[in-house]
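Coordinate-derived values only; no laboratory data. Worth saying up front: this structure is predicted, and the values here are computed from it rather than measured. Backbone-built Cβ (ideal geometry, glycine too); neighbour counts: all protein chains shown.
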Amino acid sequence: MTETSRIGLIGLGTMGANLALNIAEAGHRIAVFNRTAEKTRAFHAGAGDLAPRIVPTETLEAFTAALEVPRTILLMVPAGSAVDDQIAALAPYLSPGDILIDGGNSDWQDSRDRAAALAAKGLLFLGLGVSGGAEGARHGPSLMAGGAREAWQGAEPVLASIAARFDGVPCAALFGEGGAGHYVKTVHNGIEYADMQMIAEVYGLMRDGQGRDAAGIAEVFAHWNKGPLESYLVEIAAEVAATADPGTGRPLLDVIADRAGQKGTGRWTVIDAQRRAAPLPAVEAAVTARVLSGEAALRAEGQKLFAGEGRLGPLEDDALASALLAGKVLAYSQGFTLLERARQEEGWSMPLDDVARTWRAGCIIRWRMLDDMAGALAQAKPGKPLAFAPAFAELLSEHVPALRKVVSTATLAGLPVPALSAALQHFDQLRQARGTANMIQGLRDRFGRHGFERLDRPGESGFHGPWADGED
Ligand code: 6PG
């Protein structure tokens, strides 16, 4: 009898192919299948030393027959209906106890529903958030799982063996039932949007406010990457800024169109945050900025119509670095607050410090600060923002003045910094004990008799103003 494979993988696109190589390199025998058999053959032919551990198959029957039972199958097909189609096509060849893992960027609600539908058939399901792009998939991604514990126990040995490691600890964890893993991945991407937007804003101030060229900006990012901002995104910001366009010899950044793509996870994060009434302004600003980036003609018209704002006042590189640091901490803090809300509402066993730990390596938002965040979240009282944890409160007290200076200086010059500004505005609201919603309540009561609470009558509600058209 031929040797069976420990795991099977369907979908040999960039992420699937790289994960398959990673799995084989970790010592596991893996069967692979792709919709088009030529791709499977080409993949196997190009697998080099790893080819002997990879079993190419050309029918789902052969694929499922090549696997150890219970089967563990990793789906790497595009999120959406392709996942359901693939599961339906596989179903006739599966047996109770088999584990299906969806490693695409799926909507967490789809994963929740798939887990329930498959459980009814005796099949185990894991919705697996995979972060780290092609390079991460090949050499160590961050893996965020959701689903039944039994499914996790079956898949963990393989998943932990291919994940990125931080201080030897694999960045792979189960965060709860159903859609928990894809939820964590979605919020990861929301934070990713805010982080990249803030980097782009600081880049914009250097480019448009200070007239610096891409090479000079690259040096600044590279320098920042040696301090508390040390992170994958700052590192590759330096790389992107330093890269020349092979065709024209010009800085690559100067020939890239200023229109950002988006596949939707940032927007999903914001929609979910709104649904839960969890504040996520930095991510909202980042999503909106991406949308506006697509309105090039409108922006060009606007620039002509409203030209002539002031010049950017002096800003030291250290102030920009501090602003970026404070803005990032505030954006991550907002993301963790949303996770905490979802954890409570969905009943997921999702310790936030484990989430921070899982993001310390492999994923796109990996940042050395995440290790400190894990420590702070382990001590934090549930419901308190990360920003209020002693170490981060201290950090913010030190760096928010620079954020304030950068946002106000940019605003006076008419240079947009929407995510940095949103982070700051939220922070300022969080530190305003006596807010201004009393005016909103007064207005609501005046036009609609909606009622308000009084400071001098705590615990009671339904008070009204002495409006002329009132009934009492
Ligand atoms: C990751 C990335 C990855 C992908 C994003 C890009 O964690 O590895 O987030 O999932 O690059 O989906 O998303 P947008 O196309 O929406 O920017």
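Measuring how big the range 373-440 is from its alpha-carbon positions, Rg and Dmax come out at 14.4, 41 Å. Amide H to amide H distances under 5 Å link VAL32 with LEU9, VAL55, THR57, where only residues 5 or more positions off or on other chains count and H is placed in the peptide plane.
With an 8 Å Cα cut-off and a minimum separation of 6 or more residues, compute the relative contact order for the chain in percent.
RCO, the chain: 13 percent.
Taking 29 Å as the limit for the C-alpha separation, the pairs LYS185/LYS328; LYS226/LYS304; LYS263/LYS328; LYS328/LYS381 exceed it in the case of LYS226/LYS304.
Can you tell me how much longer the chain between GLU316 and ALA393 gets when fully stretched, taken as 0.36 nm per residue apart minus their C-alpha distance, in nm with one decimal? Each step should come with its number before you reach the end.
On the way: separation 77, 0.36 × 77 = 27.72 nm, distance 2.34 nm.
25.4 nm is the gain from fully extending GLU316 to ALA393.
Cα centroid separation, the range 364-378 to the range 275-336: 23 Å.
To one decimal place, what orientation-averaged projected area in nm² is obtained for the convex hull of the Cα set of the chain?
28.6 nm²
With R₀ fixed at 22 Å, the C-beta to C-beta distance from GLU3 to SER95 puts the FRET efficiency at about 0.70. Hey, quick one: spin label on ASP353, modelled 7 Å out along Cα-Cβ, who in the range 384-415 has an amide N within reach, i.e. under 17 Å? Backbone N within reach: 384-393.
Here the mean projected area of the convex hull built on the C-alpha positions of the range 185-430 is 13.5 nm².
Among TYR193, TYR93, a tally of other beta-carbon atoms within 10 Å of each Cβ gives an order, fewest to most, of TYR93, TYR193. Applying 1/(1 + (r/R0)^6) with R0 = 60 Å to the Cβ-Cβ distance of ASP456 and ASP258 gives a FRET efficiency near 0.65.
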